[in-house]
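> I have a structure here, written as structure tokens, and I will follow up with some questions on it.
The values are calculated or read from the model by the stated rules, or taken from the named source; none is laboratory data. Keep in mind that this is a model prediction, so the values were computed, not measured. A quick note on method: Cβ atoms are made from the backbone with ideal geometry, for glycine too, and the neighbour counts reach across all protein chains shown.
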Protein chains: 2
Amino acid sequence: MSLTNASPSDAAKAAKEASHVLATLSEPDRNDALTAIHAGLTAAKDEILAANARDLEIARVAAESGQLSQSLVSRLDLGKKGKWEDMLKGILDVRDLEDPVGKVTLRIKLDDGLELTRVTCPIGVLLIIFEARPEVIANIASLAVKSGNSAILKGGKESTESFVSISKVISAALDKTKVPNGAIQLVTTRDVIPQLLDLDQYIDLVIPRGSNELVRYIKSSTKIPVLGHADGLCSIFLEQSADPKVAVDVIVDSKTSYPAACNSLETLLVQESALETIFPQVAEALIAKGVVLRCDAKAKTALASKLSSDFSAKLEDAQDADFDTEFLSLTLAIKAVSDMYEAIAHINTHGSKHTDAILTSSSELAEQFMSSVDAAGVYWNASTRFADGMRYGFGTEVGISTNKIHSRGPVGLEGLMIYKYKIRGQGHVTAVYGEGDGKKRFKHERLPL
Amino acid sequence: MSLTNASPSDAAKAAKEASHVLATLSEPDRNDALTAIHAGLTAAKDEILAANARDLEIARVAAESGQLSQSLVSRLDLGKKGKWEDMLKGILDVRDLEDPVGKVTLRIKLDDGLELTRVTCPIGVLLIIFEARPEVIANIASLAVKSGNSAILKGGKESTESFVSISKVISAALDKTKVPNGAIQLVTTRDVIPQLLDLDQYIDLVIPRGSNELVRYIKSSTKIPVLGHADGLCSIFLEQSADPKVAVDVIVDSKTSYPAACNSLETLLVQESALETIFPQVAEALIAKGVVLRCDAKAKTALASKLSSDFSAKLEDAQDADFDTEFLSLTLAIKAVSDMYEAIAHINTHGSKHTDAILTSSSELAEQFMSSVDAAGVYWNASTRFADGMRYGFGTEVGISTNKIHSRGPVGLEGLMIYKYKIRGQGHVTAVYGEGDGKKRFKHERLPL
């Protein structure tokens, strides 16, 4: 790792050159580097936590004067129960995942002695831009090395001390391995993000880890593909045949288990015929958890007729803008819809293509909903909060993508790969193949992988 | 199909809405639409060829006054031997390809009663921008319908009459099928490309079909992902142990079988130790085919010492710029390199990540070359001109991608797909899962596809 004052352009060029070597390393070589990083960090715990304490001290002062949010201070803290251990365990977890490099995904015999294979390979150079959370450095460095990609890391200024401390350790650890020095580049100079986003000749993919504002800014500022999502406006459609217990459990979990998460519920669409049957129980459970319900007129009228005055006094009127808002808090927009088709149309227009669910007892309606809603995740009778790489069993994730190409949903190692086509021949030329007389025909025989 | 004077924005919005219906149609519904298009075009042959003749007449006049190239006039001609038949056959070929929609590519049992599946689905709305070649309309409409994507078609003005004629027939044919009217949008108004490239809220992928200049312009003018390649600077490394016959055959085919193609050879890297052994035969064969050799000093000196004066008089001196030039003609840049590593470094710096080959008798060197070169296609002892969807056995292609994400190399139906994750539960919530005491653990059990 280069702890460099080099220009962003030099750092990116070095990362690109290193990527060509890293792409050819064996799995044991890449895994050895992760073992070395783990050992290095384990040995350096005290000095890293001391550096982190200095970041925290500055952040606490800034928070007291209102310049920084308390939640950011909390995210900075590497000493928080379990965080350090999780970071270290994460490195070994990534190491022990199946090797994503060099998987043969297609084999075709084009002709005698002429074979086509498609093989997974690293993308090249990743630019990871993140805000607080110093542990992300170790996580991303692990993912990059495991997947054979170079990474350029640009962290937020609040975690600078932690960041430099961790990266010095990673740098020293990598020096003893076959992973080339330039493969992980640390950029500590400030205000270089616009320059980095301009380096499309060297950088193949940008992965922002941070606020919606950060992601939106990056998406609008670069021609390099960006993996991630700016918005997480998840919706649930409560259909009239839904099981009441399922409805209460899933909606409460989706909304309240971590309201600031991108996979939390923001809009609840209720079938009109369910407004006075299942919906009041759901509303009571939500209000009991402190959720503010912003209802459209139909939903509010129906609820008011069914809830006690204590509860109904807390209902608010929804504005149009509420149905395009990712609240990230205990506020929920509620709209009555006549049927599933209106719900689907609403989601496809107002949603963010992240994760949407239907609650129904009809498998036919559920399948129709899941086919029709255009989103990375479409669920039946399950909480939107399952949208997560760990919960999906991917071992780890670099983020959740709402892109329509490449990777979608929670992105693990697979999303850091592309493929190349290899042909092995014996002097084969194309001119002899064709449809006419005397021309050879291709065999195009699929071979087992 | 809407033969519309609607604004680009209205056309794109309608295409997006139609895409949500198209995505839910069954394979027979989509195939029926292709059968109907085929039947419609078959019946309307005379009127379409008459429209094409009008385009051709205008183009021929423009070509005579030097405003249009002869090759463009030739590409316009639908009446050219076999072209009409190929266009019609192409529609049925696409129809008969395996359905790319709804393939389950991953199944994981997250817990009892909670199953995750990953299913292929259409991307949404494709914008296809092309120059001449009126038959592309039928080809692209077929691919879009088969893959469940809406398409917005914007053709070059030279083929307007043919284009309108073919699209009227397609439109009438689709009216009798379940494919919604808005799914294929024709934009005939002029100068709307910049407006279309701005509609990233509706358009998911741009596919340019035309000159390098067109592709380069589009890539630099939109935030929408672009599938394709601007450059095709393919290289071959001639290693010292190469079989001389393989070297002559493959290099001559790569350079001369269709010099204007993107997969043709533009740079030949010759190992110094092969300059006076294998290389002179290769050079003679190329010169005999009319190829102009632009050699660096070492290659020229070596060749001059071996070739007859007739041949050596034809050698030219290479300039630095020649090694960054896609000639698309019978000119070849030639450079001497000391070994394979210099060749790999040259290709990774100067190539366009399209297709590169090594000619060698060493399988070890070949495998090393194929791992190290960062390109969509890396070949051993085979012509670069095999880089083609038909030759790969993909049935058809929408283009050849040098992108580092999503699709790479020749792109068939698979490249027009993305996926979504579906979860089917029974009221499952996330809050009960975790590492702590009393928390449930995920099962993460891979299920057969």
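> Can you pull out every residue in the range A:338-352 that is within 18 Å of A:Ile251 (Cβ to Cβ) and either out of contact with any Asp or Glu (no Cβ under 7 Å at 6 or more places or on another chain) or of a type in the set (Phe, Trp, Tyr) (or both)?
Matches in the range A:338-352: A:Ala343, A:His346, A:Gly351.
> Checking A:Thr384 against (1) under 13 Å from the mean Cα position of the chain (by Cα); (2) crowded, with 24+ Cβ neighbours inside 10 Å, which single condition isn't satisfied?
All conditions pass for A:Thr384, except number (1).
> Starting from the range B:262-276, take each residue that is closer than 16 Å to B:Thr331 by Cβ and list its partners that are acidic (Asp, Glu), counting only C-beta distances under 7 angstrom and pairs at least six apart or across chains.
Note: pairs meeting the criteria are B:Glu266/B:Glu326.
> Here's a follow-up. For the structure I just gave you, tell me whether B:Ile224 is crowded, with 20+ Cβ neighbours inside 10 Å, out of contact with any Cys (no Cβ under 9 Å at 6 or more places or on another chain) and assigned by TED's automatic domain parsing to the domain that holds B:Ser329.
no
> Now for a separate question. Answer yes or no as to whether B:Arg30 is charged (D, E, K, R), in a strand (DSSP E or B) and within 14 Å of another protein chain (Cβ to nearest Cβ).
Working: charged (D, E, K, R): yes; in a strand (DSSP E or B): no; within 14 Å of another protein chain (Cβ to nearest Cβ): yes.
The answer is no for B:Arg30.
> Please verify whether the range B:253-276 includes one or more residues that are in a helix (DSSP H, G or I), surrounded by fewer than 17 Cβ atoms within 10 Å (Cβ to Cβ) and under 28 Å from the mean Cα position of the chain (by Cα).
Applying the first criterion (in a helix (DSSP H, G or I)) to the range B:253-276 yields B:253-256, B:272-274.
Retained after the next criterion (residues that are surrounded by fewer than 17 Cβ atoms within 10 Å (Cβ to Cβ)): B:272-273.
Checking which are under 28 Å from the mean Cα position of the chain (by Cα) leaves us with none.
Checked against the condition, which is being in a helix (DSSP H, G or I), surrounded by fewer than 17 Cβ atoms within 10 Å (Cβ to Cβ) and under 28 Å from the mean Cα position of the chain (by Cα), the range B:253-276 yields no hits at all.
> Looking at the range A:63-81, which of the residues that are in contact with a helix residue (DSSP H, G or I) (Cβ under 8 Å, 6 or more places away or on another chain), touching a residue at least 24 places away in the same chain (Cβ under 8 Å) and outside any loop (DSSP other than H, G, I, E, B) is nearest to the other protein chains (Cβ to nearest Cβ)?
Just the residues of the range A:63-81 that are in contact with a helix residue (DSSP H, G or I) (Cβ under 8 Å, 6 or more places away or on another chain), to begin with: A:63, A:68-70, A:72-73, A:76-80.
Now narrow it down to the ones that are touching a residue at least 24 places away in the same chain (Cβ under 8 Å): A:68, A:72, A:76-79.
Those still in the list that are outside any loop (DSSP other than H, G, I, E, B) too: A:72, A:76.
On the way: A:Leu72: 24, A:Leu76: 22 Å.
It comes out as A:Leu76.
> Can you tell me which condition B:Ser372 does not meet? The list is (1) in contact with a His (Cβ under 8 Å, 6 or more places away or on another chain); (2) among the hydroxyl-bearing types (Ser, Thr, Tyr); (3) surrounded by 22 or more Cβ atoms within 10 Å (Cβ to Cβ), and all the others hold.
Of the numbered conditions (1) in contact with a His (Cβ under 8 Å, 6 or more places away or on another chain); (2) among the hydroxyl-bearing types (Ser, Thr, Tyr); (3) surrounded by 22 or more Cβ atoms within 10 Å (Cβ to Cβ), the odd one out for B:Ser372 is (3).
> Quick one: which residue in B:Ser312, B:Ser305 is away from every other protein chain (no Cβ under 14 Å), loosely packed, with under 15 Cβ neighbours inside 10 Å and not acidic (Asp, Glu)? Write out each step before concluding.
Details: B:Ser312 fails: loosely packed, with under 15 Cβ neighbours inside 10 Å.
That would be B:Ser305, the only listed residue that is away from every other protein chain (no Cβ under 14 Å), loosely packed, with under 15 Cβ neighbours inside 10 Å and not acidic (Asp, Glu).
> Filter the range A:120-139 down to the residues that are touching a strand residue (DSSP E or B) at 6+ places or on another chain (Cβ under 8 Å) and farther than 25 Å from B:Asn348 by Cα, then identify the one that is modelled with the lowest pLDDT.
Only one residue fits best here, namely A:Glu131.
> Another one. What about B:Ile123, is it assigned by TED's automatic domain parsing to the domain that holds B:Ser211, more than 29 Å from B:Ile48 (Cβ to Cβ) and surrounded by 21 or more Cβ atoms within 10 Å (Cβ to Cβ)?
Values: assigned by TED's automatic domain parsing to the domain that holds B:Ser211: yes; more than 29 Å from B:Ile48 (Cβ to Cβ): yes; surrounded by 21 or more Cβ atoms within 10 Å (Cβ to Cβ): yes.
Yes: the conditions hold for B:Ile123.
> Considering only helices (runs of 4 or more DSSP H) fully contained in the range A:331-449, which possess at least 1 residues that are at the interface with chain B (Cβ under 9 Å from one of its Cβ atoms), closer than 30 Å to A:Cys295 by Cβ and in contact (Cβ under 8 Å) with a residue 12 or more places away in the chain? Write out each step before concluding.
Values: elements: A:340-350, A:363-372, A:389-392.
Output list reads A:340-350, A:363-372.
> Can you name every residue in the range A:320-337 that is surrounded by fewer than 21 Cβ atoms within 10 Å (Cβ to Cβ), of a type in the set (A, V, I, L, M) and farther than 17 Å from A:Asn212 by Cβ?
Listed by number, the list holds a single entry, A:Leu330.
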